[in-house]
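Written below as structure tokens is the structure these notes are about.
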Amino acid sequence: QTKGEKMENKYNITDAELEIMKELWENKQLSLNELTEKLNEKEPRNKNTIKTLLYRLIEKGAVKSINKNQKENEFKANISKEKYLKKENQSFLNKLYNGNTSNMLLNFVENKEISKEELKKLIEMIED
């Protein structure tokens, strides 16, 4: 297994775990109670389920636990949102388009899944 393959497999984050990661990226550091409260604003969730997901993320190395005091730990993302998105984007490209960005963009344009405004913005980004 190469270094790239190890990195790709390192953070195999599920959709449910991703919701926790989003909160940690947005809030930097949260206790289990704070995290539960934030997640429950969007959709009711069981605190024990959240705790289980948190500990899975810790095992995967995506989250670290910080001792706030003897009674309570806080949790912090151990991978930046940008690094995670880069890895996921590359994985998506590799799985569906053999790593070829132009094939993906052509597919979006041909299927009208990208607006003219978005296309203009992409062209501007390429020209810059």
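The values are calculated or read from the model by the stated rules, or taken from the named source; none is laboratory data. Quantities reported herein were computed from a predicted structural model and do not represent experimental measurements. So basically every Cβ, Gly included, is an ideal-geometry build from the backbone, and we count neighbours across all protein chains shown. Only protein heavy atoms, including side chains, enter the accessible area calculation; ligands, DNA and RNA are left aside. Shrake-Rupley method; radii C 1.70, N 1.55, O 1.52, S 1.80 Å.
For region 78-113, which residues satisfy the criterion of being over 30 Å from Ile58 (Cα atoms) and polar (S, T, N, Q)?
Taking region 78-113 first, the residues over 30 Å from Ile58 (Cα atoms) are 97-98, 100-113.
Within region 78-113, Asn98, Asn100, Thr101, Ser102, Asn103, Asn107, Asn111 qualify.
For Ser65, work out the one condition from (1) outside any helix (DSSP H, G or I); (2) at pLDDT below 85; (3) among the polar types (S, T, N, Q); (4) open to solvent by less than 90 Å² (accessible area, probe 1.4 Å) it doesn't fulfil.
(2)
Name the residues in region 5-15 that are at pLDDT 70 or above and assigned to a helix (DSSP H, G or I), would you?
Asp15
Identify all residues within region 74-109 that are farther than 23 Å from Ile126 by Cβ and either outside any helix (DSSP H, G or I) or at pLDDT below 75 (or both); write none if there are none.
Matches in region 74-109: Glu74, Phe75, Lys76, Ala77, Asn78, Ile79, Ser80.
Output yes when any residue across region 51-62 is hydroxyl-bearing (Ser, Thr, Tyr) and under 22 Å from Asp15 (Cβ atoms), and no when none is.
Applying the first criterion (hydroxyl-bearing (Ser, Thr, Tyr)) to region 51-62 yields 52, 55.
Of the ones still in play, those that are also under 22 Å from Asp15 (Cβ atoms) are 52, 55.
Scanning region 51-62 turns up at least one residue that is hydroxyl-bearing (Ser, Thr, Tyr) and under 22 Å from Asp15 (Cβ atoms).
Give me the pairs, please: first residue somewhere in region 117-128 and surrounded by 10 or more Cβ atoms within 10 Å (Cβ to Cβ), second residue anywhere and part of a helix (DSSP H, G or I) and modelled with pLDDT under 80, beta-carbon distance under 9 Å, and either six or more positions apart or on two chains.
Note: pairs meeting the criteria are Glu118/Phe108; Leu119/Leu105; Leu119/Phe108; Leu119/Val109; Leu122/Leu105.
Provide a single number: the residues in region 89-116 that are in contact (Cβ under 8 Å) with a residue 40 or more places away in the chain and more than 24 Å from the chain's Cα centre (by Cα).
Total satisfying the criteria: 0.
If you scan region 71-103, which residues turn out to be surrounded by 14 or more Cβ atoms within 10 Å (Cβ to Cβ), over 25 Å from Asn33 (Cβ atoms) and of a type in the set (Asp, Glu)?
Scanning region 71-103 gives a single hit, Glu88.
Considering every residue within region 16-37, establish whether at least one is surrounded by fewer than 13 Cβ atoms within 10 Å (Cβ to Cβ), among the basic types (Lys, Arg) and modelled with pLDDT of 75 or more.
Yes - at least one qualifying residue is present in region 16-37.
If only one of Lys112, Lys71, Lys51 is out of contact with any Cys (no Cβ under 9 Å at 6 or more places or on another chain) and either assigned to a helix (DSSP H, G or I) or modelled with pLDDT of 80 or more (or both), which one is it?
The conditions single out Lys51.
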